[in-house]
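S.K.: Pasting a structure here, questions to come.
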Number of protein chains: 4
Amino acid sequence: MPKPPHNWGRWGSDDQQGALNHLTPAAVLAALGAAREGRVHSLAMPIRGATSGPAPTTVPHLAGRPLPQHFMSIDGGDYAAGVRAAGARIADDALVLSPHGTTTHMDALCHMWAGEELYNGHPAARVRSYGATRLGIEHAAARGVLARGVLLDAAAHRGVTHLRATDRIGANELAAICARDGTDPGPGDVVVIRTGWPRVWTEDPAIYGSGQPGLAADAGRWLAERDVVMVAMDNAAIQGLGADGRSSEDADDDLHLTLLWRSGIHLAEMLWLDGLAEALAEVRRSDFLFIAVPLPIEGGTGSPINPLAVL
Amino acid sequence: MPKPPHNWGRWGSDDQQGALNHLTPAAVLAALGAAREGRVHSLAMPIRGATSGPAPTTVPHLAGRPLPQHFMSIDGGDYAAGVRAAGARIADDALVLSPHGTTTHMDALCHMWAGEELYNGHPAARVRSYGATRLGIEHAAARGVLARGVLLDAAAHRGVTHLRATDRIGANELAAICARDGTDPGPGDVVVIRTGWPRVWTEDPAIYGSGQPGLAADAGRWLAERDVVMVAMDNAAIQGLGADGRSSEDADDDLHLTLLWRSGIHLAEMLWLDGLAEALAEVRRSDFLFIAVPLPIEGGTGSPINPLAVL
Amino acid sequence: MPKPPHNWGRWGSDDQQGALNHLTPAAVLAALGAAREGRVHSLAMPIRGATSGPAPTTVPHLAGRPLPQHFMSIDGGDYAAGVRAAGARIADDALVLSPHGTTTHMDALCHMWAGEELYNGHPAARVRSYGATRLGIEHAAARGVLARGVLLDAAAHRGVTHLRATDRIGANELAAICARDGTDPGPGDVVVIRTGWPRVWTEDPAIYGSGQPGLAADAGRWLAERDVVMVAMDNAAIQGLGADGRSSEDADDDLHLTLLWRSGIHLAEMLWLDGLAEALAEVRRSDFLFIAVPLPIEGGTGSPINPLAVL
Amino acid sequence: MPKPPHNWGRWGSDDQQGALNHLTPAAVLAALGAAREGRVHSLAMPIRGATSGPAPTTVPHLAGRPLPQHFMSIDGGDYAAGVRAAGARIADDALVLSPHGTTTHMDALCHMWAGEELYNGHPAARVRSYGATRLGIEHAAARGVLARGVLLDAAAHRGVTHLRATDRIGANELAAICARDGTDPGPGDVVVIRTGWPRVWTEDPAIYGSGQPGLAADAGRWLAERDVVMVAMDNAAIQGLGADGRSSEDADDDLHLTLLWRSGIHLAEMLWLDGLAEALAEVRRSDFLFIAVPLPIEGGTGSPINPLAVL
């Protein structure tokens, strides 16, 4: 039987916001104040639909996932080919997207659970094939995430470009990074953790999926105890993945269960953090304004996001 | 031959940002300062995929457009039905989306043009069926839009719940609203204009598509002259639409051409503004922090967005 | 409690073919012999993806269903616009399709049921969100449907272009049509029934969905008793639909339950039968070679089909 | 400059059927007569949508192509989870498909060309981003393909399970197989050629895409000279592919250009032929009734098909 829930009932038995409840107006104002210079960095990987030729996919993703597809329904070529239009000409398109494992995205609280109940005791049976009728991503979309962001750069801490697939980041390491940087992530903060893992895609895409570095179980509990609002990483699954592409933690240790399910802490994966890490290092800071605005997909298990960091 | 371009070359012949160039770090800091209380409002309509029964679509949209589709690829029902999972259980989904005319979205600068060239002289032939290789929405996604927002509430100005389908908002009316509110939208601002039109969907969906209120041609030029960064409205096409669902302006007067094409001013449509209008009226303000973060869809003609207003 | 099943166990407790079991090699040869002249007629409605402008959808469909979407991922316009290709040039496309209610399609035996069991007692819980693990359309795709087809033209029988929305075709009427035509549909036959209903789409699309003619409950039982292989019609739901777009039959009388669920008789809807009816009338026949080949969509609840009639 | 066209104008300057013109009523009757026993074999690979876990794709396909996606929009799990339905319960689904390179499919005549004109001189500019307005697959769907099929089993001829990636089948080899089998494919026939290549997917998916066996240029011309209606193979591109996944033939030798473009001969790829080869060998035959019925996708560049062989 998995460990008892950490935050259930804390914000009421009907709550569907989880730790986003920390983002009061005062917290939002304080978050906005974390921006000192006004320099904006996008933390998203590009969304590239598959192409028509045998081109390899050039964006890191988990193997076997349905990849983004992007189609133009009318475009410049049509006019070059003879379509006539009085006045304005138009380009229009469509996107097919399964965000988990394929692009920078945010998990809804309904994304993972154990047993018969979702976070805060909502029945798992409420997650239907036409959508999750509880804890869908639209609840996070209602006000987005405007919070103070804190970067914990595990790759820099270890003096490497990127961690190895078998590396796990434990609570002690997170504490050491904080001590080194003089930061202290707490209630209402978004903790952004860098492994550097997307770098390996350019070396060899096959390496990307054959295991991934991630947080160890005690690191998840460490973050939960600090009452953070959200954890965002540049790997695909927060916790590490083995060579088979699967996690090995049991229900007590699974990071998604510790954070999403027990604590109502939202997660974001597959961020691109190298630019941010460099920019923060230049000004010897590790905190910034973090902005993530999921789409209000009713009943969604997550949303693609383009998170911004404002220094 | 359409009128000569307004902002072409202003930020260099290769520029693909248009008026977003106004959003310097200083402008971003000033924008963040427009938030006084930290109260956040989402300005997006929900994204609801079609359902399996004969349920009517409950979100306003232009008739004939490909509507959002949302599918769960695994959900709670699977576990209720007997799927076994050691440890964590998971819900996963997919989204099919053609944002123009179906949901709250932002237009890229490649979305509309006249003749053979896009904004700033980029060849229209660069808009290919696998994406726009110039002026795609990823350029706006690079830093999103963090700007001071100014609400011009045309419906409140006229003392009505919503404008009529045949109503057009002219430059004089925008000026009058500004005078009444004591606002002065200028360089780097996002002008948000309310018609109240989405309200009619609940009265009768058929009315929604049989014409729409919008800006008159001179209002577009008035906004362009003020060097705004972006224009966002709660109608579907910025300009009005006739009973046939089409615009009647010629190339000189078309609002998309005036703003996107000539001036490099981004557009957003199908916002939900009623909640924001009410909140601003309560505190007798009309300006706020406006946040819009499109997805980095490479070569995209637009992106769904969940714009936020922070008061 | 719905009536006890008609064909459960008839072909073994594991059977997933239902009445398709009638299509032995001998039956297939006999079916091929039903073609006398070699004239081929397609019985499918066109598949038209939504377009980019405000064009109305021109193919009959049930309101609220997710309509077909068709996108070119590379096309002639790209080459006109300057894409260079040594040698061959290529056009490529994608299709998004939810066949039920939107196009000519065949229902799998898993498509509908009552209670906890599908046809032949297979557990309904086997129909998962990643597909139906029992009775998916791939079972019908294994050998397709090559059978003798018999047209029962209810519209011609009533001397009308098309039935009215409230019309229901009962067993007596089917028997009368057979007597008039000198046909006797029996084991292994596919019965094709014409209402003429698609004609109303061109008169007024709004009429198409505000009720539909169809079979009455006793007609379903009449067909089941004759051991037919499949029933194919030009309406959207076999049974009639009320003004609200829903069926009014209870579980005992529901035609899908009578045919698919109790009898393992496959169904096809939204055929186009006017051309076939005319061709058969010219040669004073009502039987032909019927060919329907669903796609092997594993776990599918149905498939788009392009049924052929060979006279 | 590519070689002059072979069949242009042969069936009139407006013709969009190409060699399908051979399938007269008499030819169709003769084709039906090729079925002796009534045993039906499907020649299609299964269509499996991607799943939610890290499952590998289990159906051969060309790397980098957008793979099939299959989603249930309502299923048995919903009812197990508590959805109530008076009477009938329903399962419904959606399919996203880019057929070329991902599933058993048929190419339309608009799929490939050289220069500015499609087969029979139709302007390539007519292939628009909303569909091909000439030579779309709907022309083949009008009557499908009911023809005598002839299997030329190159793998059996060479005494191997499957050809090697670098193997090319030349005209001499086709002639030798015919001589050995006592067959003589001619006008109106569908030639089905087996390489055995899909077998390698089970050995190692990586091998499948690193080159493929196929027809040599002179084999294409040999088939065109015999006036066949269609060529169907179990490889992905008719001609061979190099280790880079691309063809190496120039415009004069490209098999798609020889067959589709010059001769109006339709193509089908990614068939599964092992079962058919075995069944034919057992009865010492090589001809059968061949049935291929593409979907009437207006303006489509191809269609998924479930080809049948009836012995």
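S.K.: With the label 7 angstrom out along Cα to Cβ, how close does residue D:10 come to the same site in each of the other copies, in nm, nearest first?
M.R.: 4.8, 6.1, 7.5
S.K.: What nm distance separates the two modelled labels at residue C:278 and residue B:184, each placed 7 Å from Cα along Cα→Cβ?
M.R.: Calculated label separation equals 7.2 nm.
S.K.: Per-residue HN-Hα couplings for segment C:193-201, Karplus 6.51 cos²θ - 1.76 cosθ + 1.60 at θ = phi - 60°, whole Hz, x for Gly and Pro?
M.R.: These are the phi-based 3J(HN,Hα) values: 10, 9, 9, x, 4, x, 4, 5, 4 Hz.
S.K.: Which of A:119, A:151, A:40 sits farthest toward the positive end of the charge dipole of chain A, with +1 on the Cβ of Lys and Arg and -1 on the Cβ of Asp and Glu?
M.R.: Going by the charge dipole, the pick is A:40.
S.K.: Something else: Cut-off 10 angstrom, C-alpha nodes, Gaussian network model of chain A. Which of A:12, A:136, A:121 fluctuates the most?
M.R.: Maximum fluctuation in the GNM of chain A, among the listed residues, is at A:12.
S.K.: Sticking with this one: Which distances in nm, rounded to one decimal and ordered from shortest, link the label point of residue C:175 to the equivalent label points in the other identical copies, with labels set 7 Å from Cα toward Cβ?
M.R.: 6.7, 8.4, 8.7
S.K.: Applying the Karplus parametrisation 6.51 cos²θ - 1.76 cosθ + 1.60 with θ = phi - 60° to the phi angles of segment B:227-244, what ³J(HN,Hα) value in whole Hz is obtained for each residue in order, glycine and proline being reported as x?
M.R.: Result, rounded to whole Hz: 6, 5, 7, 7, 10, 10, 9, 9, 9, 9, 9, 6, 7, x, 10, x, 4, 8.
S.K.: Which of rounded, prolate, oblate describes segment A:118-209, given a ≥ b ≥ c as roots of the alpha-carbon gyration tensor eigenvalues and a/c under 1.5 marking rounded, otherwise prolate only if a/b is larger than b/c?
M.R.: The shape class here is oblate.
S.K.: In addition: Which is farthest toward the positive dipole end of chain A among A:296, A:268, A:196, measuring Cα position about the Cα centre, with Cβ charges +1 (Lys, Arg) and -1 (Asp, Glu)?
M.R.: A:296
S.K.: Follow-up question, since we're still on this one. Would you mind ranking A:183, C:103, D:202 by Cβ crowding within 10 Å, fewest neighbours first?
M.R.: Ranked by crowding around the Cβ, least crowded first: D:202, A:183, C:103.
S.K.: Let a ≥ b ≥ c be the square roots of the eigenvalues of the Cα gyration tensor of segment A:216-274; is it rounded (a/c under 1.5), or, if not, prolate (a/b larger than b/c) or oblate?
M.R.: Oblate, because a/c is 1.5 or more while a/b does not exceed b/c.
S.K.: As an exercise, use a Förster radius of 41 Å and the Cβ-Cβ distance of residue C:203 and residue C:21 to find the FRET efficiency, rounded to the nearest 0.05.
M.R.: 0.50
S.K.: Please report the residue of chain C with the smallest beta-carbon distance to the C-to-B rotation axis, and give that distance in Å, no decimals.
M.R.: Axis-proximal residue of C, distance in whole Å: C:96, 3.
S.K.: Per-residue HN-Hα couplings for segment D:299-311, Karplus 6.51 cos²θ - 1.76 cosθ + 1.60 at θ = phi - 60°, whole Hz, x for Gly and Pro?
M.R.: In residue order, the calculated couplings are x, x, 8, x, 8, x, 9, 10, x, 10, 10, 10, 8 Hz.
S.K.: Still on this structure: Among C:228, A:293, which comes first, then next, by fewest other beta-carbon atoms within 10 Å?
M.R.: Listed from fewest to most nearby Cβ atoms, that is C:228, A:293.
S.K.: What is the mean projected area of the alpha carbon convex hull for chain A, to one decimal in square nanometres?
M.R.: 18.6
S.K.: Another question, then. Every other copy gets compared here: list the nm distances from the residue B:24 label point (7 Å along Cα to Cβ) to its counterparts, shortest first, one decimal.
M.R.: Going from nearest to farthest copy, the values are 3.8, 8.1, 8.8 nm.
S.K.: Continuing with this model, one more query. About its Cα centre, how strong a charge dipole does the protein assembly as shown have in debye, to the nearest 20, once Lys and Arg get +1 and Asp and Glu get -1 at the Cβ?
M.R.: 0
S.K.: I've got another one for you. Could you grab the relative contact order for chain A? Cα pairs under 8 Å, six or more apart, rounded to a whole percent.
M.R.: Relative contact order comes out at 30 percent.
S.K.: So what's the convex hull volume per residue for the Cα atoms of the protein assembly as shown, in Å³?
M.R.: Taking the convex hull of the Cα positions in the protein assembly as shown, it is 161 Å³ per residue.
S.K.: Sorted from fewest to most neighbouring beta carbons within 10 Å, what does the list C:282, C:138, A:249 look like?
M.R.: Neighbour counts put them in this order, fewest first: C:282, A:249, C:138.
S.K.: OK, next. Label segment C:86-130 by shape, choosing from rounded, prolate and oblate, from the square roots a ≥ b ≥ c of the eigenvalues of the Cα gyration tensor; if a/c is under 1.5 it is rounded, and otherwise prolate applies when a/b is larger than b/c, oblate when it is not.
M.R.: In terms of gyration-tensor shape, prolate.
S.K.: Something else: Using amide H atoms built in the peptide plane, which far-off residues or other-chain residues are under 5 Å from residue B:132 H to H?
M.R.: Result for residue B:132 returns B:299, B:300.
Taken together, the values in this text are just the output of simple stated rules run on the coordinates, not laboratory data. These numbers were taken from a predicted model, which means no experiment stands behind them. All Cβ positions, glycine included, derive from the backbone under ideal geometry; neighbour counts span all protein chains shown.
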